[in-house]
Structures are given as C-alpha cells and as structure tokens.
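> Have a look at the structure that comes next, please.
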Amino acid sequence: MDKFLYFRTVADADGDDGQTNGATNPTSLCVPAKNIMSIAPATATTLQIRFKPIKNGTTGSNASGEEVLTDSVTLTVNNHTHRNVVDALVAAINSNKLYTDGFIDVVDTVTTNVANETVSAVFFHPDITGVDGYTSDTDATGFAVAVAL
C-alpha cells in the first residue's frame with residue numbers, strides 16, 4: 001500500500017481550504033511517501049524532507065525538460081533529534097502493520113475543528129515541534145519559492 005505524508009499548519013480547520021492563496025501560501029499538503037528524494041538536517045533544529053515536486057514546469061528560457069526540481073517541507077525538531085524523527089518516519093513508511101490506511105499525519109496544528117471544538121494538535125513524533133516552511137521549486141529555471149506554513 002502506498003503511504004502519504006500529511007502536513008497542515010493552520011490553527012482553525014475552517015481556515016484550511018487547500019488553496020495556495022497567491023501560489024505561495026499552502027494551508028496543507030499531502031505527499032506520496034514514494035516521492036521522497038532525501039531527508040536531512042538543515043540546522044540543529046530543522047529537518048528538511050525533499051520530494052519530487054508537486055508542480056514541475058518546463059517554462060523559462062533555460063528549460064530543457066531535464067531539470068531536477070524538488071519541493072521540500074522543513075520541520076522544526078528538538079535540538080539534535082533528527083535521527084529519532086527520521087528513524088520513526090522511515091519505520092512508519094515501511095511498516096505493513098502501522099498506518100494501514102496509508103495516511104501518516106506528520107504535523108497537524110489544528111486546535112479548533114470544523115465543529116468549533118477544541119482538539120489537540122498532532123505531531124507524528126514527540127521531537128517534532130512544528131513546520132518551518134514549504135519550498136516549491138516549480139520553475140525549471142530553478143526559482144524556488146519559500147513560504148512559512
């Protein structure tokens with residue numbers, strides 16, 4: 001079964017419309033785990049997950065159609081706990097017994113659901129503290145747009 005990674009960083013579920021609000025401010029993101037290209041520390045407290053781009057264009061003057069483009073989600077983690085998070089995430093993706101519905105909720109910061117009830121935010125691993133941003137490299141010239149989720 002394919003697994004999917006889900007990231008959402010709005011406090012109120014009513015604010016999660018899935019839109020990009022001007023192409024640079026997504027409210028949530030769901031990515032096939034099979035599209036992960038790398039996972040690596042970015043700083044002492046951030047972990048970057050790079051994956052095949054959601055949108056991959058071949059526009060621009062230098063576009064040959066062979067450009068390697070990636071999108072990334074940068075998670076904030078407790079100081080130097082990258083390996084703990086990566087090990088748990090890889091185990092969840094590879095497991096046939098965990099997440100049998102294929103959906104891995106990595107970060108969901110919603111604290112007010114659509115019924116206006118208070119709910120707890122979800123963090124896949126206790127060392128994940130949030131999302132630092134999403135970068136979409138959607139232009140074959142290499143222009144990347146970084147946004148704070």
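> Hey, could you check the range 94-127 for residues that are β-branched (Val, Ile, Thr) and touching a Ser or Thr at 6+ places or on another chain (Cβ under 7 Å) and say which is farthest from ASP14 (Cα to Cα)?
The qualifying residue farthest from ASP14 (Cα to Cα) is VAL107.
> I want to confirm something. Restricting to the range 1-52 and keeping residues that are part of a loop (DSSP other than H, G, I, E, B), touching a helix residue (DSSP H, G or I) at 6+ places or on another chain (Cβ under 8 Å) and more than 18 Å from ALA92 (Cβ to Cβ), which single residue is modelled with the highest pLDDT?
Of the residues in the range 1-52, the ones part of a loop (DSSP other than H, G, I, E, B) are 1-3, 9-11, 16-27, 44-45, 52.
Cutting the leftovers down to touching a helix residue (DSSP H, G or I) at 6+ places or on another chain (Cβ under 8 Å) gives us 2-3, 27, 52.
So of that shortlist, the ones also more than 18 Å from ALA92 (Cβ to Cβ) come out as 27, 52.
On the way: THR27: 77, LYS52: 86.
By that ranking, first place goes to LYS52.
> From the residues in the range 109-133 that are over 15 Å from the mean Cα position of the chain (by Cα) and within 22 Å of PRO41 (Cα to Cα), which one is surrounded by the fewest Cβ atoms within 10 Å (Cβ to Cβ)?
Taking the candidates together, the pick is PRO126.
> While we're looking at this one, here's another question. Pull out all pairs, ordered by first then second residue, where Cβ-Cβ is under 7 Å, the residues are six or more apart or on different chains, the first lies in the range 90-106 and is without any contact (Cβ under 8 Å) to a residue 24 or more places away in the chain, and the second is part of a helix (DSSP H, G or I) and not hydroxyl-bearing (Ser, Thr, Tyr).
LEU98/ALA92
The values are calculated or read from the model by the stated rules, or taken from the named source; none is laboratory data. Worth saying up front: this structure is predicted, and the values here are computed from it rather than measured. With ideal geometry, Cβ positions are generated from the backbone for all residues, glycine too; neighbour counts draw on all protein chains shown.
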